[in-house]
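Chemist: Structure provided below as structure tokens; questions to follow.
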Amino acid sequence: MHENRPNSRFGADVDYSGRAGRHDYVVRARHRLLGTTFTVAIDGVEHDPKAEEKARKAREGTDTGPQAGVDGADDSGVDGVEGSEADGADVGAADGDDDAAAYGDGDPGADGDDLRFTLQEGVTTLRCTVRRPREDEGHKDAEVIALRTVGLGGAGEVEVRHGFQHTVLVPEQGSPSAARDAKRTAHPTRYALVAALTKSARYLLPLLGLGALFSGLLEPVEEWIEARLRPAVEAIARATEPPREWIAQLLQPIRDLLAALLQPVRDLVGWLLGLLPDLELPFDVPGWLVDVLFAVIVVVVVFSATRRGLQERRTKLESTKATTKKVGSGEPGETADGDQGEPGETADGDQGEPAPSAAHGRAEQEATEPTVADRPTSGP
């Protein structure tokens, strides 16, 4: 949980949680208008991807730096190498202590997961690729955490892509992101219509005559600028006229050759077009009708895509909540990516031993007890 949340229109700190595939995610995002930062807990292990990658690159640079310095000192024959090595060791130890205090013990695999991260920062979107260790050596790209800040920075969305599927993480209750999701998913038709009209406004404004109005207002300014620049443009044209004529004469044979080569193609296209029948409508179609139909098509496409996206997001949010609830209660069920979990299967995919039932125990007991025929008889 974040403390002292701003919860304003220009910034919000929100926790997003859910189970993606076989891993539990808790993303603590700090949405801002001019940038988004986050930390993430994967299967209970806290990570600061930006700080960890920076520390790892610094450690790699420190590992190669002192050795190169010692080799350079030996080649140049400078005295006092032992003192410089001691100073370098003290500085390296201090840096190592700082890294250990900030990121565990300073090793990438200190917590046992050995994860690495790759960040791609955009204006409103931040993508973090989780790189997991291979079986032999090295790391491979696994999941992709996508954070998106909407509006002026007061809310956002987080999803985890794994393979060809993606899981929507659920924002915590009472946060601006949760309120935004509740409003949008409760009324998908309304928000889809608003998005469609906003998207098609760029095509509808010229039809309303606003473009002609603005062009009329700016016409005096354009004439004034043209009058000031005309002498300079004419002078440049007169100065460059001889070189342009010389280049045109030089390229004239090439243009004639290309025209001769393309003439059969032009004749073939003209002959094919002549085979098509002439289709004429019984009525005239005004030019503005094409523009209106184009705007209507844009509205319909954007409306359908936005409405479907909101409905799909609502379904995924409910699926993530149900999966998290089942995993928290220990009940077997489907994972976030739709895989059916087996009873006794752990989060790492290991198959646990099923508990023996009472009937199975009684059967084993009866099998071990001696029968009446096998018991020794007593008496003469």
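FYI, it's all coordinate maths here, none of it is from the lab. These figures come from a predicted structure and were not determined experimentally. All Cβ positions, even for glycine, are placed from backbone atoms using ideal geometry, and neighbour counts span all protein chains on display.
Chemist: With each label point set 7 Å from Cα along the Cα-Cβ vector, what nm distance links A41 and F10?
Modeler: According to this spin-label approximation, the distance is 3.1 nm.
Chemist: Can you return the lysines within cross-link range of K50? Criterion is Cα-Cα under 22 Å, with same-chain partners fewer than 8 residues away left out.
Modeler: Here the lysines satisfying the reach criterion relative to K50 are K140.
Chemist: Can you sort L193, L218, L310 from fewest to most other Cβ atoms within 10 Å of each residue's own Cβ?
Modeler: Least to most surrounded, the residues fall as L218, L193, L310.
Chemist: How large is ³J(HN,Hα) for each residue in the range 16-31, as worked out from phi by the Karplus curve 6.51 cos²θ - 1.76 cosθ + 1.60 (θ = phi - 60°), to whole Hz, x for Gly and Pro?
Modeler: Residue by residue, the range 16-31 yields 10, 9, x, 10, 10, x, 10, 10, 8, 10, 9, 9, 9, 9, 10, 6 Hz.
Chemist: Next question. Pop a pseudo-label 7 angstrom from the Cα along the beta-carbon direction at both Q120 and L279 and give the gap in nm to one decimal.
Modeler: 4.2
Chemist: Mind checking the full-extension length gain between K325 and A248? Use 0.36 nm per residue of separation minus the Cα-Cα distance, one decimal, nm.
Modeler: Length difference between fully extended and current span is 20.1 nm.
Chemist: Grab the beta carbon distance between L268 and A58, set R0 = 56 Å, and tell me the FRET efficiency rounded to 0.05.
Modeler: That pair, L268 with A58, gives E of 0.25.
Chemist: Moving on. Under 19 Å between alpha carbons, and skipping anything fewer than 8 positions from K326 in its own chain: which lysines qualify?
Modeler: Excluding near neighbours in sequence, the set is K316.
Chemist: Under 23 Å between alpha carbons, and skipping anything fewer than 8 positions from K199 in its own chain: which lysines qualify?
Modeler: Output for K199: K183.
Chemist: Got a sec? How would V233, V144, V170 order by Cβ neighbour count within 10 Å, fewest to most?
Modeler: Lowest count first: V233, V144, V170.
Chemist: For I236 and L257, what is the calculated FRET efficiency with R₀ set at 35 Å and r taken between the beta-carbons, to the nearest 0.05?
Modeler: With R0 = 35 Å, the Cβ-Cβ based efficiency is 0.65.
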